[in-house]
Amino acid sequence: MYLSLLITFMCFAGEVFSSSLFSPCKKSDLPCIETTVNNALPKIFDGIPELGILKSDPQFIAVIDADLSALKYTFYNSTIYGYKNCEVSNLIINDDLTRISGRAVCPSLHMNGVYDMKGVLITLPIEGNGNYTFEGVSFQLDFDIKLDKIKGSEGKTHFFIRKITYKPKALTPIQFNFQNLFNGNEDLAAVVKKFAKENWLDITLLLQDPTWEVSIDLLKTAVNKYLATFAIDDTILN
Ligand SMILES: *[C@@H]1O[C@H](CO)[C@@H](O)[C@H](O)[C@H]1NC(C)=O
Ligand SMILES: *[C@@H]1O[C@H](CO)[C@@H](O)[C@H](O)[C@H]1NC(C)=O
């Protein structure tokens, strides 16, 4: 009697505190895993204060610093919106659950903040500081995740994302809007605006890496905090 009460309590506690965002799936049932991941991520990205998980949508980034050979820029106080709308698909998971690859499509991201930039943008001299916005950002990210399996103090096994490699691909033209270029010189700014519109893809390729690096790292931290609270064996069934 006492034992069965204890077991009931432990199962209940396990469910409430650990696997509540991921519903159980068989290891081979990829559609089930895809659905449960797509249901869980927006809730993790919303932030879970009880678990110390910060909001990822919007995601705040204090400083993004880039020193390319011909162009130096810093983005301050940036906010990225829209990670909650990303959808994961094409999952491939290896047998011992240490590697997951797939594709995330994020159809409606945007970003704003304060910039400071000086140098040559592809071929065009550029200089300015002020507010910026990047609108109409739609990306596909092919990712490959290496997972560690870690024994928690309670004896259960948890996932930990060790490394994410990814390949971003912009799906639609991005509108780059830098305010106060050339200290407010509208003629010079108009040249950059036209150039940015015509060369959005090259500019994306030039500018994107430092932002992805910081942003994905923050997403990884948030997801890892969640993963530490749920036990693999309760969720992924053989
Ligand atoms: C970023 O935000 C902080 C806090 O609001 C502010 O003190 C700082 O001046 C901002 N930085 C820039 C470059 O606007
Ligand atoms: C820059 O953006 C901030 C926050 O959106 C706003 O309060 C401020 O007025 C903007 N500054 C300029 C010069 O547009």
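Being of a type in the set (G, A, S) and within 16 Å of ligand 2 (Cβ to nearest atom) is the filter here, so list the residues in region 50-77 that pass it. Please lay out each step first, then the result.
Going residue by residue through region 50-77, those that are of a type in the set (G, A, S) are 52, 56, 62, 66, 69-70.
Listed by number, the list holds a single entry, A62.
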**Fill in**
Counting only strands (runs of 3 or more DSSP E) entirely within region 59-166, those with at least 2 residues that are hydroxyl-bearing (S, T, Y) are 71-81, 99-121, 124-151
**Request:** Look through L147, L141 and report the one residue that is of a type outside the set (S, T, N, Q), away from ligand 2 (no atom under 16 Å from the Cβ), closer than 21 Å to D96 by Cα and modelled with pLDDT of 95 or more.
**Result:** L147
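What about Y73, is it more than 30 Å from D29 (Cβ to Cβ), touching a strand residue (DSSP E or B) at 6+ places or on another chain (Cβ under 8 Å) and in contact (Cβ under 8 Å) with a residue 40 or more places away in the chain? Before the answer, list the steps.
Numbers: more than 30 Å from D29 (Cβ to Cβ): yes; touching a strand residue (DSSP E or B) at 6+ places or on another chain (Cβ under 8 Å): yes; in contact (Cβ under 8 Å) with a residue 40 or more places away in the chain: yes.
Yes, satisfied.
Restricted to region 96-121, and to residues that are among the charged types (D, E, K, R) and closer than 30 Å to K26 by Cβ, which residue is nearest to ligand 2 (Cβ to nearest atom)? First the steps, then the outcome.
So the first thing to find is which residues in region 96-121 are among the charged types (D, E, K, R), and the list is 96, 99, 103, 116, 118.
Next, only the ones that are closer than 30 Å to K26 by Cβ stay: 96, 99, 103.
Working: D96: 48, R99: 41, R103: 33 Å.
Only one residue tops the list, namely R103.
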**Message:** Among (1) surrounded by 15 or more Cβ atoms within 10 Å (Cβ to Cβ); (2) at pLDDT 95 or above, there is one condition Q179 misses while meeting the rest; what is its number?
**Reply:** (1)
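The values are calculated or read from the model by the stated rules, or taken from the named source; none is laboratory data. Every value quoted in this text rests on a predicted model; they were computed, and no experiment measured them. Methodologically, a virtual Cβ is constructed for each residue, glycine included, from the backbone with ideal geometry; neighbour enumeration extends over all protein chains shown.
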